[in-house]
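For reference, the structure is listed below as structure tokens.
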Amino acid sequence: MNATFTRGRFLLALLFVVAVLQFAVSRPAEATIMYNNPGPFVGPVSNPGLAGPAQVYGKEYSHDPDQSAAPPGGGIDPAQVIAWDGLGGTADGFDYSLPAPPFATSGIFEVDALANTHDALFKSLLRMVDGQVVMPDRTHLVFSIDDAAHTSLPFGLMPTSIPAAGPVATLANVLGGAGEISFERGGAFSPPNVQGLWANQLQINGMPTPRDLDGLEIWGPDPRVLPLGSSAAAWADSDKYSVDVDVSTGGPAAGPFSVWDYDPVTGSTPYVSHADVVAVVRAALGEPNFPHDLINLDALMVQDDVGSPLRFDPGDKIIFSIRQVPATFAADMSGFLSTGSEIFWMDGATTPAAPVGNFLFHGGHLWNKAYALMHMTTTRFVPGIGQVVIQLDLDALEAVSTPEPTAALLMLVGATALGTIRRRQA
């Protein structure tokens with residue numbers, strides 16, 4: 001090889017490196033997509049229609065770990081909630097660390113459940129008359145699954161991960177991934193156990209796409225359009241929330257608590273005690289020795305119709321799920337004290353000595369442990385082992401319903417007005 005050819009190759013390589021460096025330096029920093037969805041929207045009315053994400057106003061989510069939507073490209077931000085427009089645009093919502101977070105003995109403040117005091121469609125999801133559950137339910141459930149999971153017995157309860165994007169195939173359905181939102185159709189409008197993808201990663205947050213959505217709140221006021229980098233906190237209504245480790249909250253004189261009320265001026269106040277949640281979970285699962293410190297509420301809806309919205313009074317209700325807890329000593333020999341995909345309801349009349357609550361009935365079935373062990377699982381091939389069964393963990397909850405298209409057209413004006421005021425129970 002002659003010297004001239006060698007020098008030529010060197011110069012070409014040098015020019016290539018310089019060009020790459022110039023491109024890298026000149027590229028603009030990644031920026032979050034601006035919040036921009038002027039509508040039209042539909043309203044939360046108990047009907048067969050399943051509105052798409054862009055048709056539903058006032059949407060917020062929390063990420064694990066908590067993130068900011070502020071450009072460039074977001075970033076880790078404990079206690080921050082993100083508003084999303086359903087078209088990939090986002091903006092920062094509430095920051096529960098302002099003015100001051102709940103006392104946390106762990107020093108960690110990570111949000112993992114969102115709700116509003118008067119969650120729309122709650123009464124269509126959990127229909128009750130004289131304290132008794134009435135069937136069928138008359139709205140569609142939407143939910144997300146955690147990115148952390150465990151293999152089922154006899155595969156050793158090994159920790160494993162769930163992809164951010166689907167498809168995640170279960171026994172009878174195909175769900176979205178951990179950074180997406182799935183649905184289950186309401187029992188009044190569909191055969192049992194009909195599920196699928198409701199919102200994909202790019203609809204929730206186009207930049208950066210979510211890895212693990214772990215809290216969801218919808219049907220609040222909607223800013224419609226916001227300049228890039230501005231805040232949506234003035235429209236936020238996720239005024240009830242839970243943190244990652246329930247037993248770490250409270251204070252020297254009281255606590256811990258599983259649900260907190262938030263006011264942007266006065267801060268956070270206790271709403272639902274951890275002891276009451278423990279009582280309902282132990283009774284429903286038939287696990288009286290379930291260690292209390294392993295019970296962490298991580299998905300939430302609220303209906304507060306009685307007394308002060310700052311108190312969980314008799315007659316007030318929540319729907320919730322808890323984190324997955326693998327344990328070889330589970331009484332039913334399933335390998336799990338909780339799969340994390342059971343959905344419970346609880347009344348404010350609950351005390352640790354007298355729990356009032358049970359499993360949610362939705363989509364033609366109970367969301368109990370038996371259902372979760374059969375239907376909230378997926379499989380994966382592991383080299384050297386073969387196909388293993390993975391137990392999924394549900395970690396976000398909400399309800400979506402809307403009239404069929406003809407009736408929806410009559411509601412556009414009403415929906416526009418509803419989007420500018422605080423929600424009321426549908």
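The sole residue among ALA165, ALA172 that is under 19 Å from the mean Cα position of the chain (by Cα) and either among the hydrophobic types (A, V, I, L, M, F, W, C) or not assigned by TED's automatic domain parsing to the domain that holds ALA372 (or both) is ALA165. Is there a residue being charged (D, E, K, R) and at pLDDT below 95 anywhere in the stretch 333-344? The answer is no; no qualifying residue exists. Counting the residues of the stretch 377-405 that are over 30 Å from LEU121 (Cβ atoms) and not in a loop (DSSP other than H, G, I, E, B) gives 9. Looking only at the stretch 297-325, residues that are within 18 Å of PRO159 (Cα to Cα) and crowded, with 24+ Cβ neighbours inside 10 Å come to 2 in all. Selection of the stretch 188-217 for residues being buried (at least 23 other Cβ atoms within 10 Å of the Cβ) and small (Gly, Ala, Ser) yields ALA199, GLY215. Scanning the stretch 136-156 finds one or more residues that are modelled with pLDDT of 95 or more, of a type in the set (Val, Ile, Thr), farther than 27 Å from VAL306 by Cα and surrounded by fewer than 24 Cβ atoms within 10 Å (Cβ to Cβ).
Scanning the stretch 155-193 for residues that are in contact with a Leu (Cβ under 9 Å, 6 or more places away or on another chain), under 26 Å from ILE82 (Cβ atoms) and of a type in the set (S, T, N, Q) yields one hit, SER182. Can you name the residue in the stretch 201-219 that is assigned to a strand (DSSP E or B) and of a type in the set (A, V, I, L, M) and is also farthest from PRO167 (Cα to Cα) among such residues? Only one residue fits best here, namely LEU216.
All told, LEU114 meets the bar of being closer than 27 Å to ASP237 by Cβ and of a type outside the set (Val, Ile, Thr). Summed over the stretch 283-297, the residues that are in contact (Cβ under 8 Å) with a residue 60 or more places away in the chain and either over 23 Å from the mean Cα position of the chain (by Cα) or closer than 17 Å to PHE257 by Cα (or both) give a count of 3. The set of residues in the stretch 220-231 that are on the phi > 0 side of the Ramachandran plot and either buried (at least 23 other Cβ atoms within 10 Å of the Cβ) or at pLDDT 95 or above (or both) contains only ARG224. Here PHE5, PHE94 are screened, and the one residue that is more than 27 Å from PRO264 (Cα to Cα) and either modelled with pLDDT under 85 or touching a helix residue (DSSP H, G or I) at 6+ places or on another chain (Cβ under 8 Å) (or both) is PHE5. Scanning the stretch 377-412 for residues that are at pLDDT 95 or above and surrounded by 24 or more Cβ atoms within 10 Å (Cβ to Cβ) yields GLN391, ASP393, LEU394, ASP395, ALA396, LEU397, GLU398, ALA399, VAL400. So which of ASP293, ASP261 ends up being touching a Ser or Thr at 6+ places or on another chain (Cβ under 6 Å), under 22 Å from ASP395 (Cα atoms) and surrounded by fewer than 24 Cβ atoms within 10 Å (Cβ to Cβ)? Criteria check complete, one pass: ASP261.
The set of residues in the stretch 232-258 being surrounded by fewer than 18 Cβ atoms within 10 Å (Cβ to Cβ) and within 26 Å of VAL42 (Cβ to Cβ) consists of ALA233, ALA234.
The values are calculated or read from the model by the stated rules, or taken from the named source; none is laboratory data. Just so it is clear, the model here is predicted, and its values are computed rather than measured. FYI the Cβ positions are ideal-geometry reconstructions off the backbone, even for glycines, and counts take in every protein chain you see.
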